[in-house]
Every structure is written in C-alpha cells, then in structure tokens.
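A quick write-up on the structure given underneath.
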Amino acid sequence: MNSIQPLLSILIPSTPDRRHLLSYLLECILKQQYLRLVQEFDVGNITAYRYYDTLATIEILIMEDKKENSVGVKRQKLLEHAKGVWTAGVDSDDLVADTYLEDILKALETNPDHVGFLEDCDINGEKSLSIFSIKHQQWDENTDGYDHIRCANPKSVIRRSIALQVGYEDLRFGEDRVFSEAVTPLLKSEIFIDKPLYYYRHISSPHNERYGI
C-alpha cells in the first residue's frame, strides 16, 4: 500500500473537542467511496490517522492535538506527510457535497494544477457564496457576483508539489489567506467545477492565543 501514490490527499486538522463533528464529516466522505483506517501514528505531539480507499486512489490524513500547535503548523505537517499528487483541505467542523470525490476525481483526469469550485457558506446564520479559482489573484469581497473571493485555497485542490513551494506559516488564524495569495500565482492550469462542493459553517468567537484547530 505504501508504495502506491494516491491521486488525492484530503487533509483534515482537528482537535479532540471536534470529534463528534469529525465523525459526521468522515461519514459524509466515506459513504462516497470505501475508505478504511490503515495507520495511526504520532508527529511530535500531534496524533495522525491515515485512511485509504481500496485502490489507494484517495487518502484521508487527519492530525489532531489539543491546540498545542497552531492551525498553520498542523496544515504544514499534513502537507508534508501527504502522499497524494494533489491535496485538498477540509476543516473538521465543515462538510462536503455528496458528489465531492466523484467531481474532483473526474476533474483530475485532465492533470490540472488546480481544481476550483464554489463554497456554500453559513456565517452566523447568514448565507453567502465563495469561489476558489486562480482567475482571482487576491482575496476580495462582493466581486463578480460572489460574496467571497478566495483564489486557490487550502480547501480547493492543489498540486502538492506546488503547495510545498509555499507552505503554511505558524499562525493561529489567517494562515489560509497567506497561503492562498502566495500559491495562486504559481498555479498555471485549472478545472473549475461551477457548483458548491464545500459547505462552510461558522459561528464567530473572539480570537485568543489558544484559537485555532
């Protein structure tokens, strides 16, 4: 199994207090394509779990700690330990569409640097729409008919070799924007899926030194 390189690594940073949400997310992903837990290991003080599907086309890599590390550190370690040609991040308190894997794997057949798509958002009960696409080079709001412009993003599908050129900074929030705006200019080709594949759910709380997944 370890000698086979997956096409896609789904990277999930998490914390113990989110396990009930993570279980729901995993159920949503696992029902789309049979995946099973094949490895549990430690990365410093972070516990990691690796799932594979039958043909090792897809892996899910989860890293969990009690917020000793910033979300930026966990995203970086996930990226470094991933084995896929492409990576896509999912936060443990979010969800994905029922056709998430099917649509992404179909798009990867054309060997793009990036697969973009839409994100359905619910922020404090307010509905909005995000776009992940390399046609946008910076984050913005209320542009081209979208509420949130997010360029390429930790949540979208990025060729891992290019993502590694940028990496994630040790930040407890805002690491996604820093990465997003740095990696987007390096991505030269894209398949865009014009529908929501990601469901973001957020209730605001004050940032502090322990903030972050």
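Just so it is clear, none of the values below were taken in a lab; they were calculated from the coordinates. In this text, all values refer to a predicted model and were calculated from it rather than measured experimentally. Backbone-built Cβ (ideal geometry, glycine too); neighbour counts: all protein chains shown.
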Exercise. With springs only between Cα atoms under 10 Å, which of K77, K135, K127 fluctuates most in a Gaussian network model of the chain?
Worked result: K127
Exercise. Once you sort the root eigenvalues of the Cα gyration tensor of region 8-202 as a ≥ b ≥ c, which label holds: rounded (a/c under 1.5), prolate (a/b larger than b/c) or oblate (the other case)?
Worked result: rounded
For this session: Mind sorting D91, D17, D113 by how few other Cβ atoms lie within 10 Å of their own Cβ, fewest first?
Result: D17, D113, D91
Seminar exercise, completed: Residue separation between K195 and S23 times 0.36 nm, minus their alpha-carbon distance, gives in nm 59.5 nm
Exercise. Based on the mean of other beta carbon atoms within 10 Å per residue, what is the order of 150-158, 59-67, most packed first?
Worked result: 150-158, 59-67
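For the residues E181, E119, E27, what sequence is obtained by ranking on other C-beta atoms within 10 Å, fewest first? Can you show the working numbers first?
Working: E181 18, E119 22, E27 10.
Fewest-to-most ranking of E181, E119, E27: E27, E181, E119.
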Exercise. Name the residues of region 75-115 whose amide N is less than 16 Å from a point 7 angstrom out from the Cα of V43 along the C-beta direction?
Worked result: 75-92
For this session: Just grab the label-to-label distance for L129 and T110, each label 7 Å out from Cα along the Cβ direction, in nm (one decimal).
Result: 2.0 nm
For this session: Work out, step by step, the length gained on full extension between E169 and S204: first 0.36 nm times the residue separation, then minus their alpha carbon distance; give nm to one decimal.
Result: 10.4 nm
For this session: Could you list T47, T99, T87 in order of exposure, starting from the residue whose Cβ has the fewest other Cβ atoms within 10 Å?
Result: T99, T47, T87
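For region 1-98, state which chymotrypsin sites (Phe, Trp or Tyr not before Pro) are in a DSSP loop and have at most 13 other beta carbons lying within 10 Å of their beta carbon. Mind showing how you got there, number by number?
Working: sites: Y24, Y34, F41, Y49, Y51, Y52, W86; in loops: Y34.
When the chymotrypsin sites (Phe, Trp or Tyr not before Pro) of region 1-98 are filtered for loop state and at most 13 Cβ neighbours within 10 Å, Y34 remain.
With the contact rule set at Cα under 8 Å and sequence spacing of 6 or more, what percent relative contact order holds for the chain?
On the way: 465 pairs, mean separation 52.5, N = 213.
Relative contact order here is 25 percent.
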